[in-house]
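Novice: Below is the structure I would like to discuss, written out as structure tokens.
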Amino acid sequence: MKPDLTVSLGGLQLRNPTMLAAGVLGLSGATLKRVAESGAGAVVTKSVGLIPREGYQNPTVVSVRCGLLNAIGLSNPGIDDFLKEMPEAKEGGVPVIISIYGCSPEEFATLAERCEEAGGDAVELNVSCPHVERFGMQVGQDPTLVSRIVKRVRSRTGIPIFVKLTPNITDITEVAKAAADAGCDGITAINTLRALAIEIETSRPMLGGVYGGLSGPAIKPVAVRCVYEISKSVHVPVIGVGGIEDWRDAVEFLLAGASAVQIGSALSTRGLNVFREITRGLSKYLREKGFRSVREIVGLSHRHE
């Protein structure tokens, strides 16, 4: 019998636990639709704000030995233009989660309200960008501020709210608890690690924005640890993200306590087929282990402490 791969995240129903991560292929409706048709269970858009933002000068992404380093600078066309992409994005037939950022609870709430009006299935609050002041991890490092943001958004919208957390903090569970207690529907962990790369011939930082966010295989053990800790600390689902390249990585996150996983950097090396490859591998793993549902392995590793 084929294992059941469907999952429920804060009221959203996913056909399988794979999702497109924010910031990757998530700016046009056509691309989001294509990702959905490639097998993803849900898609998350690029982060958008109230007004257009140019971001940093090139280079914005560089390859390092252990992954990718990026400093895009939250470039986006602004919420008004972006929401024009929603009708085509929705044609993919899977939940469309809109990633939003702001510098105040009111900005987040206004954006979430607009997203719901435009047909967004959920919002993911980006309080964790590691390379943009005022809008990123400085927000997400303050449990009180995160709580205020979630409460304000919750008061203005009825769609599910996910909060994407930064690993650049002493105790990530403190912020996760604040977000969950404030009424969010799930936690996404983690965003990229703050990092820096220097070109030794010129002695200059490689990125136009100097500091960047490290993603890819190098951060997977950190992400797995964060998911493990958070899932034991909160009563809402956890979405794992960070260095997932194949079904084995996905299984590790699920065992650590993630109910779903997001894929980002792997798209640059594995292409859109990565969603179906992970789903097939996960299904085979469950069948061989005798599990009837993917939900049966979520947090299973906690039993072995």
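Novice: Please report the base-10 log of the normalised intensity I(q)/I(0) for the stretch 195-278, using a Debye sum with one equal scatterer per alpha carbon and no solvent, at each q in 0.20, 0.25, 0.26 (1/Å).
Specialist: -0.87, -1.10, -1.15
Novice: Additional query: With charges only on Cβ, +1 for K and R and -1 for D and E, what is the dipole size of the stretch 29-137 about its Cα centre, in debye, rounded to 20?
Specialist: Details: 9 positive and 15 negative charges, 103 e Å.
Charge dipole, the stretch 29-137, about its Cα centre: 500 debye, nearest 20.
Novice: Need one word for the chain: rounded, prolate or oblate. Basis is the Cα gyration tensor (sqrt eigenvalues a ≥ b ≥ c); a/c below 1.5 gives rounded, then a/b vs b/c decides. If you can, show how the numbers build up before the last one.
Specialist: Working: a/c = 1.32, a/b = 1.17, b/c = 1.12.
Rounded.
Novice: What number, in percent, do you get for the relative contact order of the chain if the mean sequence gap of Cα pairs under 8 Å and at least 6 apart is divided by its residue count?
Specialist: On the way: 757 pairs, mean separation 60.2, N = 305.
In percent, rounded to a whole number, it is 20.
Novice: With each pseudo-label sitting 7 Å past Cα toward Cβ, what's the E113-Q13 distance in nm, one decimal?
Specialist: Each label point is offset 7 Å from its Cα along the Cβ direction, giving 3.1 nm.
Novice: Right, something else. Between the stretch 72-132 and the stretch 1-55, what is the C-alpha centre distance in whole Å?
Specialist: The distance from the Cα centre of the stretch 72-132 to that of the stretch 1-55 comes to 12 Å.
Novice: How many percent of Cα pairs in the stretch 1-139 exceed 24 Å? Don't jump to the answer; show the numbers that get you there.
Specialist: Values: 3115 of 9591 pairs.
When every Cα pair of the stretch 1-139 is considered, 32 percent fall beyond 24 Å.
Novice: Follow-up question, since we're still on this one. Could you derive backbone 3J(HN,Hα) for the stretch 185-192 from the dihedral phi with the Karplus parameters 6.51, -1.76 and 1.60 (θ = phi - 60°), listing whole Hz in sequence and x where the residue is Gly or Pro?
Specialist: Whole-Hz 3J(HN,Hα) from phi for the stretch 185-192: 9, x, 10, 9, 9, 9, 7, 6.
Novice: Here's something else I'd like to know. Ranked highest first by the average count of other Cβ atoms within 10 Å around their residues, in what order do 290-297, 185-192 fall? Please list the in-between numbers first.
Specialist: Values: 290-297: 15.0, 185-192: 28.2.
Highest mean packing first, the order is 185-192, 290-297.
Novice: For A258, enumerate residues with amide H under 5 Å from its amide H, sequence gap 5+ or separate chain, H modeled in the peptide plane.
Specialist: Under 5 Å from the amide H of A258 lie the amide H atoms of G299, each far enough along the sequence or on another chain.
Novice: Let me ask another. How large is ³J(HN,Hα) for each residue in the stretch 91-99, as worked out from phi by the Karplus curve 6.51 cos²θ - 1.76 cosθ + 1.60 (θ = phi - 60°), to whole Hz, x for Gly and Pro?
Specialist: After applying 6.51 cos²θ - 1.76 cosθ + 1.60, I find 5, x, x, 10, x, 10, 9, 9, 7 Hz.
Novice: Further, regarding this structure: Could you pull out every residue, at least 5 positions away or on a different chain, whose amide H is within less than 5 Å of the one on G39? Hs are placed 1.01 Å off N in the peptide plane, and Pro or chain starts have none.
Specialist: For G39, no residues qualify.
Novice: Could you give the size of the charge dipole of the chain about its Cα centre, using +1 on the Cβ of each K and R and -1 on the Cβ of each D and E, expressed in debye and rounded to the nearest 20? All intermediate terms of the calculation are to be shown ahead of the outcome.
Specialist: Details: 33 positive and 32 negative charges, 146 e Å.
In total the dipole reaches around 700 debye.
Novice: So if I restrict to the alpha-carbon atoms in the stretch 247-305, what is the Rg, and what is Dmax, the biggest pairwise distance, in Å?
Specialist: Radius of gyration, then largest Cα-Cα span, for the stretch 247-305: 12.0, 36 Å.
Novice: Per DSSP H run of n ≥ 4, the term is -39500 (n - 2.57); total these for the chain, divide by its residue number, and report the mean residue ellipticity at 222 nm rounded to 500 deg cm²/dmol.
Specialist: Numbers: 11 runs with 102 residues, N = 305.
So the helix-based figure for the chain works out to -9500 deg cm²/dmol.
Novice: Once you have the Kirkwood Rh of the stretch 112-235 from its Cα pairs, apply Stokes-Einstein at 25 °C and 0.890 mPa s and quote D in µm²/s. Could the numbers behind the result be given before it?
Specialist: On the way: Rh = 15.4 Å.
D = 160 µm²/s.
Taken together, the values in this text are just the output of simple stated rules run on the coordinates, not laboratory data. All values derive from a computational prediction rather than experimental measurement. Here the Cβ is made from the backbone with ideal geometry for all residues, glycine too, and neighbour counts use every protein chain on show.
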